[in-house]
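The values are calculated or read from the model by the stated rules, or taken from the named source; none is laboratory data. Only a predicted model underlies this, so the values are computations on that prediction, with no experimental measurement involved. In this analysis, Cβ positions are derived from the backbone assuming ideal geometry, glycine residues included, and neighbour counts consider all displayed protein chains. Protein only, heavy atoms only, side chains kept; ligands, DNA and RNA dropped before computing areas. Shrake-Rupley method; radii C 1.70, N 1.55, O 1.52, S 1.80 Å.
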Amino acid sequence: MTVIETVPADSEDTRGSSLPRYLALKAGGSLISLALVVVLGFFMFRIMPGDPAINMTRGRQVSPGEVERLRKEMGLDQPLLVQFWRFVRDLFTGDLGTSYVYRRPVTELIGDYVGPTLLLTGTAALISVALGLWLGQKAAWRRGSWFDKIHTGVALVFWSVPTFWLGLLLLLIFGGGLGWFPTGGMSTAASTDTGVAHVLDVAHHLVLPVTTMVAVIYAQYLMVMRASVLEEMSADYLTTARAKGLREDLVRTRHAVPNALLPTVTLIFLTLGLLIAGTVTVETVFSWPGLGYLTYKGLSAPDFPLVQGTFVVFSAAVIIMNFIADLLYRVLDPRLKAS
């Protein structure tokens with residue numbers, strides 16, 4: 001008798017072929033999102049009130065011919081679809097246009113201002129992740145205690161506070177009132193400090209904006225980590241670990257926390273993109289010379305090429321981080337590896 005073996009649907013070959021398909025689907029979705037961002041970014045800013053050509057005159061009395069000349073110079077005399085086609089065409093070559101206000105290529109401006117933004121968001125992200133994960137697993141392990149109630153309550157309060165309001169409050173109290181920290185900028189004006197002195201000066205200016213961002217963000221990590229650890233606390237493997245005689249601290253750090261990190265790791269990448277995109281408010285409040293402050297300046301003009309360029313960069317950061325989070329979730333979760 002001939003025995004015919006049937007290959008199960010979830011065989012190794014099927015699992016191997018599912019990864020490229022998964023990558024293709026996620027990459028395709030990201031590209032579609034980016035395309036929608038480009039379209040939305042172009043037409044959304046065109047409905048803003050104000051004429052850039054008139055605003056460029058800075059209140060001076062000019063003739064209609066001069067205004068028309070400025071409009072032609074900016075390319076605003078062309079039909080909207082023609083302007084959009086030029087924007088998309090140049091975008092494929094890495095050209096985001098020339099700023100109306102700064103008279104410089106937008107890509108150069110973004111390159112000049114991206115460093116302070118990465119410094120601000122990177123510092124805030126590191127502190128938020130470390131603080132949120134540590135407090136979250138501690139609060140879960142001491143569920144119902146005063147430690148849990150106080151830290152969870154404080155985190156929820158900060159999470160619900162508008163970022164700009166908290167920034168202004170810190171600026172008013174610790175900058176204007178007590179005078180402990182600078183009220184704006186990245187370094188002291190006209191300062192000639194170099195080396196360690198310059199680093200300390202920048203760090204001094206960094207305290208208030210970083211504190212504002214951390215206060216609003218760390219609660220997300222705390223709550224997710226707390227919920228994940230609570231879910232793991234009833235697992236059988238923790239009972240086995242305790243039966244082996246391990247101390248509670250070791251049970252928590254060696255067994256419960258690593259297994260609870262999965263949703264938090266993906267959340268970190270999901271919020272990193274939003275963190276970068278959300279710097280507009282903080283940088284504007286503290287006059288921090290980053291992409292957020294640059295966007296605010298562009299919106300005030302309005303400087304179409306500048307706000308379009310920063311909008312595309314911010315949105316691309318969110319899309320890329322979401323894509324990385326999806327890939328990490330599949331890599332870290334063994335239940336998804338076989339799907």
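Tabulated data
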read-out	value
Wholly within segment 68-160, helices (runs of 4 or more DSSP H) carrying at least 2 residues that are among the polar types (S, T, N, Q), open to solvent by less than 40 Å² (accessible area, probe 1.4 Å) and modelled with pLDDT of 85 or more	106-141
Residue count, segment 85-95 (criterion: touching a Phe, Trp or Tyr at 6+ places or on another chain (Cβ under 9 Å) and farther than 18 Å from residue 107 by Cα)	0
Every residue from segment 299-333 that is in contact (Cβ under 8 Å) with a residue 60 or more places away in the chain, closer than 22 Å to residue 97 by Cα and of a type in the set (Ser, Thr, Tyr)	310, 315
Helices (runs of 4 or more DSSP H) enclosed by segment 217-289 - at least 3 residues per element that are modelled with pLDDT of 80 or more	279-285
Restricting segment 161-188 to residues that are among the aliphatic types (A, V, I, L, M), open to solvent by 50 Å² or more (accessible area, probe 1.4 Å) and assigned to a helix (DSSP H, G or I), the residue that is nearest to residue 113 (Cα to Cα)	168
Residue 211 vs. criteria open to solvent by 20 Å² or more (accessible area, probe 1.4 Å) and modelled with pLDDT of 80 or more	yes
Number of the condition not met by residue 296 [criteria: (1) closer than 17 Å to residue 163 by Cα; (2) touching a residue at least 24 places away in the same chain (Cβ under 8 Å)]	(2)
Given (1) open to solvent by less than 10 Å² (accessible area, probe 1.4 Å); (2) of a type in the set (Phe, Trp, Tyr); (3) within 11 Å of the chain's Cα centre (by Cα), index of the condition residue 286 fails	(3)
Filter result (of a type outside the set (A, V, I, L, M, F, W, C) and touching a residue at least 24 places away in the same chain (Cβ under 8 Å)) within segment 133-147	136, 137, 143
Filter result for residue 167 (at pLDDT below 85, under 27 Å from residue 280 (Cα atoms) and of a type outside the set (Lys, Arg))	no
Top-ranked residue in segment 189-204 [being part of a loop (DSSP other than H, G, I, E, B) and out of contact with any Ser or Thr (no Cβ under 9 Å at 6 or more places or on another chain); ranked as surrounded by the most Cβ atoms within 10 Å (Cβ to Cβ)]	191
Residue within segment 153-166 that is without any contact (Cβ under 8 Å) to a residue 40 or more places away in the chain and polar (S, T, N, Q) present	yes
